[in-house]
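Participant: Dumping the structure here so I can ask a few things about it.
The values are calculated or read from the model by the stated rules, or taken from the named source; none is laboratory data. Quick caveat: nothing in here was measured; it's all calculated off a predicted structure. Here the Cβ is made from the backbone with ideal geometry for all residues, glycine too, and neighbour counts use every protein chain on show. Each accessible area value is taken on the protein alone, full model and side chains, heavy atoms only, with ligands, DNA and RNA left out. Shrake-Rupley method; radii C 1.70, N 1.55, O 1.52, S 1.80 Å.
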Amino acid sequence: MAEKTSGFLAEFKTFIARGNVMDMAVGVIIGGAFSNITTSLINDIVMPVLGIFTSSVSFAELHVNIGPAVVTYGNFIQAVLNFLIMALVVFCLVKALNRFHKKKEAAPLPPPGPSAEEKLLTEIRDLLKEK
């Protein structure tokens, strides 16, 4: 049983130590912080401006009464806008990273020099020309 546990722990340690896992963890943390920024952008800037056009101070106040139930569709609109802004930012980041990787891959390699066989054939040609 101890061997299975130590093997499991060693495997887990190897998994955690991989660079990709650490990059993903950093991405999740930054994404969480960025989520707060986009939520603030939506709630504090975009929604009040859109509220001017809907004669409402905030989308959160938009609702429909259906019998005893109250459907607050304004909160849903805010959530959708928040998602769309996040998706746009992630799309732009991925597009920029892809462009960066394409430039890195597309860097022209210097043309390879002649092979040893080509050099020898060139020497033979030159010697034949001299005679």
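Participant: Using only DSSP helix segments of four residues or longer, with each worth -39500 (n - 2.57), what per-residue ellipticity at 222 nm results for the chain after dividing by its residue count and rounding to 500?
Facilitator: -25000 deg cm²/dmol
Participant: Angle check, please: helix 73-106 long axis (alpha carbons) against the longest principal axis of the chain (alpha carbons), in degrees 0 to 90, nearest 10.
Facilitator: The angle comes out at about 10 degrees.
Participant: So, by mean Cβ neighbours within 10 angstrom, what's the order for 35-45, 7-17 with the highest one leading?
Facilitator: Those peptides, ordered most packed to least, come out 35-45, 7-17.
Participant: Before anything else, pin down the relative contact order of the chain: Cα pairs under 8 Å, at least 6 apart, normalised by residue count, whole percent. Walk me through the numbers on the way to the answer.
Facilitator: Values: 47 pairs, mean separation 17.3, N = 131.
So the answer I get is 13 percent.
Participant: Let me ask something else about it. In a GNM of the chain with a 10 Å cut-off on Cα contacts, which of L88, L121, L62 has the highest mean-square fluctuation?
Facilitator: L121
Participant: Springs between alpha-carbon pairs under 10 angstrom, Gaussian network model over the chain: which of G74, G27, G113 fluctuates most?
Facilitator: Result for the chain, Cα springs under 10 Å: G113 fluctuates most.
Participant: If ligands, DNA and RNA are left out, what is the accessible area of K119 with a 1.4 Å probe, given in Å² to the nearest 10?
Facilitator: The value for K119 is about 110 Å².
Participant: Okay, next question. How big is the chain by Rg and Dmax over its Cα atoms, in Å?
Facilitator: 31.0, 109
Participant: Positive end of the dipole of region 1-101, charges at C-beta (+1 Lys, Arg; -1 Asp, Glu), about the Cα centre: which of G74, A33, I45 has its Cα farthest in that direction?
Facilitator: A33
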